[in-house]
Amino acid sequence: MSLVRPPSFRELAERMGEAEAVRYLLRIGYGTMKVVAESGLPYHRVILYRERVKSLKSMEFSRLASFYERLSGVRSRKAKEALISRFLSSRVLPVDVMVNLLTAKPFKNLGVGPGTIRDSLALASRWSPERVEALYREYGEYGEVAYLILRGSSSPLTVKEVYLSLKLLPRLAREDRVKVLSSLLSTASRIEGKYIVRLALGDLKLGFKENTLLIAASKAFNVDRQLLENASAIKGLAEACRLASIGEYMLRLVELKPGVPFKPMLAHLYREDKVKFPVRVELKYDGSRLQIHKIGGKVKLYTRRLVEKSDVLPEVVEIARGFNADSCIVDCEVIAVDDKGNPLPFQYLLERTLPRKYESERAEKVRVTVKAFDIVYHEGRSLLSTPLQERIPILMSVVPKEFLAEGETCTTPGEVEKYFKDAVSRGYEGIMVKALDSIYEPGRRTYTWLKLKPLRDTIDAVVVKAYYGTGLRAGYYSSLLLAVRDPKARKLYTIGRVSNISEDLMDRLKKRFDQLIVRRDRDGIVLKPEVVVEVTYMEIQRSPEYSSGYALRVPKIVRVRNDKTVGEIDTLDKIRELYMSQSAVKS
DNA sequence: GATGACTGCCC
DNA sequence: ATTCTGC
DNA sequence: GCAGAATGGGCAGTCATC
């Protein structure tokens, strides 16, 4: 046996290429970290090679990053459209990849959030996580933080390298996610780092979203916008754009098909001047949107965000099996009910619709049923362009009555008003008002569907804390913690936070807050309880999060009560009463 | 084994 | 989910 | 009026840590 100096990584890489050299070392028993040390390659690249990625050659990531910079630099949407359109026409990358790189959509479920980014930036910059987080609070956005604290390297990253590294993250343990991200960030220039962070968080902050991209693509490929929009709702934007780049005829071939989820149509808030009679009015149920697809004996269920729920809601699958059609797509609301079939509060429903797997115990505790209100596909035929008045009879012939949303036709404002009052008095969330001649437009929010909700009671509460905002509102207050009083205990109890406060109002409030600061902590200022606001809400929920034991669902400020003092705000007892009166109506 | 941070997804 | 804001 | 940005409550599930 002779002692031979083992070949260096350089020698190996020259002989068999970087990827093979890495895999060779792994094969002969080197650990990942040892390969990193031996090869001098960044961690993420070793991981990619380990995962059998052959080549990382593609466009330089720095070019993409400067394109992002140009996009975020121009203000007007028209200008953004033009830039995007030119980018798409250039075909420097496959069209669907370009679209994905502009929406960041494929990077939305990486298991990466602010916490992971904070730790990755800390590791890459050798700052402490606390200091990184402090910068985040100051600047409001982690992309900017990356730009500030990364030292910047000039070793060339490719688009493919970044893309694949990010897509790899969900399969790694959290610790390794941080290592891969930090490796990318250490290899990147500061500008690149900014966009790697934003891609990983699934939000590029370029000042445009899917709709602008869609318009740009329709120009770039010279296709009809409606056609592209339709195809996008069914196939997703990236695929629709790829088809558009082949030719408009490809878009015409895209049709609704049971088993393939599409983005549901949405409603605007009710506005009197938007009502076009005759209308169909329906009860609005407080549940979750659910799309039921039936293809022979097979049933598929999808949520509003197209998450498949077929395995989690077997009762609904059973209900769909009973539909009087071989193939259909039915749009409905899934709601939680007690054992007598009476609606339960929304909170209970979450225990059934959020889990990813079925558990019979939960199913027994919270039962569900559906209320169907539309049908968009029936026995091999798409009903998208069939008017609502013709869809309703088909729906009624397919779905048994107990699973149909209650509704009727109205021809005058008076009838709508009456229907609404009745629905509210029966404890429903409100009503839907839909133009009878409206077609079903997937993925769009249109004024042909309107939702009308009652004004709820209001509560006078006191502001006990103001929280710092993020993004554009970094360094300013953005939401307020509210409390009610208990006269017996002479104490205040928190009931939730409100946001959506206009700059104007916040400016005025800030002047008063500045006089009332008790102390500052990391996420805001604690206040002497003096400022009284009147808030409304959609519902009062039980909550372990707030000291009152209750929380407001969808709270909003009605007005500031300068005429009231803390001693005059509403009491915990009143909250309890309001809560009880809600549940009484429901059961 | 309990607890808490973090993420994703319902509204 | 809602609300505010710039275009 | 549209599109975008920023914000609310709450539950499940995963993973790290105590």
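The values are calculated or read from the model by the stated rules, or taken from the named source; none is laboratory data. Note that the structure is a prediction, hence the values are computed from the model and not measured. Backbone-built Cβ (ideal geometry, glycine too); neighbour counts: all protein chains shown.
What's the number of the condition A:Asp573 fails, among (1) in contact with a Leu (Cβ under 9 Å, 6 or more places away or on another chain); (2) touching a residue at least 40 places away in the same chain (Cβ under 8 Å)?
Evaluating A:Asp573 over (1) in contact with a Leu (Cβ under 9 Å, 6 or more places away or on another chain); (2) touching a residue at least 40 places away in the same chain (Cβ under 8 Å) leaves (1) as the failure.
Of all residues in region A:331-390, how many are within 15 Å of DNA strand D (Cβ to nearest atom) and free of Cβ contacts under 8 Å to residues at least 12 places away in the same chain?
Number of matching residues: 7.
Please go through (1) within 16 Å of DNA strand C (Cβ to nearest atom); (2) in a strand (DSSP E or B); (3) under 20 Å from A:Ser232 (Cα atoms) for A:His293 and return the number of the only condition it doesn't satisfy.
Looking at each condition in turn, A:His293 falls short on (1).
Output the residues belonging to region A:67-90 that are more than 16 Å from DNA strand C (Cβ to nearest atom), surrounded by fewer than 18 Cβ atoms within 10 Å (Cβ to Cβ) and touching a residue at least 60 places away in the same chain (Cβ under 8 Å).
A:Glu69, A:Arg86, A:Ser89
Of all residues in region A:123-150 being more than 19 Å from A:Ala474 (Cα to Cα) and touching a residue at least 12 places away in the same chain (Cβ under 8 Å), which is surrounded by the most Cβ atoms within 10 Å (Cβ to Cβ)?
Per the stated criteria, the residue is A:Ala124.
Got a sec? Which of A:Leu123, A:Leu102, A:Leu88 is modelled with pLDDT of 95 or more, within 16 Å of DNA strand D (Cβ to nearest atom), within 30 Å of A:Arg151 (Cβ to Cβ) and over 21 Å from the mean Cα position of the chain (by Cα)?
On the way: A:Leu102 fails: over 21 Å from the mean Cα position of the chain (by Cα); A:Leu88 fails: within 30 Å of A:Arg151 (Cβ to Cβ).
The match here is A:Leu123.
If you scan region A:233-288, which residues turn out to be within 16 Å of DNA strand C (Cβ to nearest atom), farther than 30 Å from A:Val316 by Cβ and part of a helix (DSSP H, G or I)?
Correct list: A:Glu272, A:Lys274.
Yes/no per residue for (1) more than 16 Å from DNA strand D (Cβ to nearest atom); (2) over 25 Å from A:Glu379 (Cα atoms); (3) assigned by TED's automatic domain parsing to the domain that holds A:Tyr447:
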residue: A:Ser232; (1), (2), (3): no, no, no
residue: A:Lys235; (1), (2), (3): yes, no, no
residue: A:Glu239; (1), (2), (3): yes, yes, no
residue: A:Ala244; (1), (2), (3): yes, yes, no
residue: A:Gly247; (1), (2), (3): yes, yes, no
residue: A:Pro258; (1), (2), (3): yes, no, no
residue: A:Arg280; (1), (2), (3): yes, no, yes
residue: A:Arg289; (1), (2), (3): no, no, yes
residue: A:Lys309; (1), (2), (3): no, no, yes
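If the requirement is being on the phi < 0 side of the Ramachandran plot and surrounded by 19 or more Cβ atoms within 10 Å (Cβ to Cβ), which of these qualifies: A:Lys298, A:Lys294, A:Lys274?
Only one candidate qualifies: A:Lys294.
Please work out if A:Ser543 is of a type in the set (Ser, Thr, Tyr), assigned by TED's automatic domain parsing to the domain that holds A:Tyr467, farther than 18 Å from A:Thr458 by Cβ and loosely packed, with under 14 Cβ neighbours inside 10 Å.
The answer is no for A:Ser543.
Being surrounded by 15 or more Cβ atoms within 10 Å (Cβ to Cβ) and not in a helix (DSSP H, G or I) is the filter; apply it to region A:301-319 and report the residue that is farthest from DNA strand C (Cβ to nearest atom).
A:Ser310
Yes or no: region A:251-271 includes at least one residue that is more than 15 Å from DNA strand B (Cβ to nearest atom), under 19 Å from A:Val99 (Cα atoms) and not β-branched (Val, Ile, Thr).
Within region A:251-271 (the criterion being more than 15 Å from DNA strand B (Cβ to nearest atom), under 19 Å from A:Val99 (Cα atoms) and not β-branched (Val, Ile, Thr)), the answer is yes, since at least one residue qualifies.
If you go through region A:523-535 one residue at a time, how many are at pLDDT below 95 and either out of contact with any strand residue (DSSP E or B) (no Cβ under 6 Å at 6 or more places or on another chain) or surrounded by 16 or more Cβ atoms within 10 Å (Cβ to Cβ) (or both)?
Qualifying residue count, region A:523-535: 1.
Rundown of residues vs (1) surrounded by fewer than 20 Cβ atoms within 10 Å (Cβ to Cβ); (2) assigned to a strand (DSSP E or B), yes/no style:
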site: A:Pro355; (1), (2): yes, no
site: A:Glu402; (1), (2): yes, no
site: A:Tyr419; (1), (2): no, no
site: A:Met432; (1), (2): no, yes
site: A:Ser438; (1), (2): yes, no
site: A:Gly443; (1), (2): yes, no
site: A:Lys451; (1), (2): yes, yes
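Residues being within 11 Å of DNA strand D (Cβ to nearest atom), farther than 19 Å from A:Ser502 by Cβ and among the hydroxyl-bearing types (Ser, Thr, Tyr): count how many of those fall in region A:525-578.
4
Go through A:Gly31, A:Gly40 for me and flag whichever is at negative phi and more than 16 Å from DNA strand D (Cβ to nearest atom).
A:Gly31
Inspect all residues belonging to region A:509-529 and state whether any of them is under 25 Å from the mean Cα position of the chain (by Cα) and away from DNA strand C (no atom under 16 Å from the Cβ).
Checking region A:509-529: at least one residue is under 25 Å from the mean Cα position of the chain (by Cα) and away from DNA strand C (no atom under 16 Å from the Cβ).
If you go through region A:454-474 one residue at a time, do you hit one that is under 30 Å from A:Val316 (Cα atoms) and not acidic (Asp, Glu)?
yes
Within the group A:Ala435, A:Ala423, which residue is under 27 Å from A:Ser581 (Cβ atoms) and in contact with a strand residue (DSSP E or B) (Cβ under 8 Å, 6 or more places away or on another chain)? Even if it seems obvious, please write down each step before you answer.
Values: A:Ala435 fails: under 27 Å from A:Ser581 (Cβ atoms).
Residue meeting the stated conditions: A:Ala423.
Can you tell me which residue in region A:453-478 is surrounded by the most Cβ atoms within 10 Å (Cβ to Cβ), limited to those that are part of a strand (DSSP E or B) and within 16 Å of DNA strand B (Cβ to nearest atom)?
Per the criteria, the residue is A:Tyr468.
Which residues, taken from region A:216-232, are crowded, with 20+ Cβ neighbours inside 10 Å, in a helix (DSSP H, G or I) and of a type in the set (A, V, I, L, M)? Give the derivation first.
Step one: filter region A:216-232 for residues crowded, with 20+ Cβ neighbours inside 10 Å, giving A:216-218, A:220-221, A:223, A:228-232.
Still in the running and in a helix (DSSP H, G or I): A:216-218, A:220, A:228-232.
Of everything in region A:216-232, those that are crowded, with 20+ Cβ neighbours inside 10 Å, in a helix (DSSP H, G or I) and of a type in the set (A, V, I, L, M) turn out to be A:Ala216, A:Ala217, A:Ala220, A:Leu228, A:Ala231.
Filter region A:101-118 down to the residues that are more than 17 Å from A:Gly207 (Cα to Cα) and part of a helix (DSSP H, G or I), then identify the one that is farthest from DNA strand B (Cβ to nearest atom).
A:Pro106
For region A:546-558, does any single residue satisfy the condition of being more than 12 Å from DNA strand C (Cβ to nearest atom), surrounded by 14 or more Cβ atoms within 10 Å (Cβ to Cβ) and of a type in the set (Val, Ile, Thr)?
no
Restrict the check to region A:480-488 and report whether at least one residue is more than 23 Å from A:Ser382 (Cα to Cα) and either of a type in the set (S, T, N, Q) or within 16 Å of DNA strand B (Cβ to nearest atom) (or both). Even if it seems obvious, please write down each step before you answer.
If we filter region A:480-488 for residues that are more than 23 Å from A:Ser382 (Cα to Cα), which is where we start, we get A:480-488.
Right, trim to either of a type in the set (S, T, N, Q) or within 16 Å of DNA strand B (Cβ to nearest atom) (or both) and you get none.
Looking through region A:480-488, none of the residues is more than 23 Å from A:Ser382 (Cα to Cα) and either of a type in the set (S, T, N, Q) or within 16 Å of DNA strand B (Cβ to nearest atom) (or both).
What pairs come up if the first residue lies in region A:486-499 and is assigned by TED's automatic domain parsing to the domain that holds A:Arg553 and part of a loop (DSSP other than H, G, I, E, B), the second is small (Gly, Ala, Ser) and within 16 Å of DNA strand B (Cβ to nearest atom), and their beta carbons are under 7 Å apart, counting only those six or more places apart or on different chains?
Matching pairs, first to second residue: A:Ser499/A:Ser479.
Looking at region A:18-39, is at least one residue closer than 19 Å to A:Leu204 by Cβ, in a helix (DSSP H, G or I) and touching a residue at least 12 places away in the same chain (Cβ under 8 Å)?
Within region A:18-39 (the criterion being closer than 19 Å to A:Leu204 by Cβ, in a helix (DSSP H, G or I) and touching a residue at least 12 places away in the same chain (Cβ under 8 Å)), the answer is no, since none of the residues qualifies.
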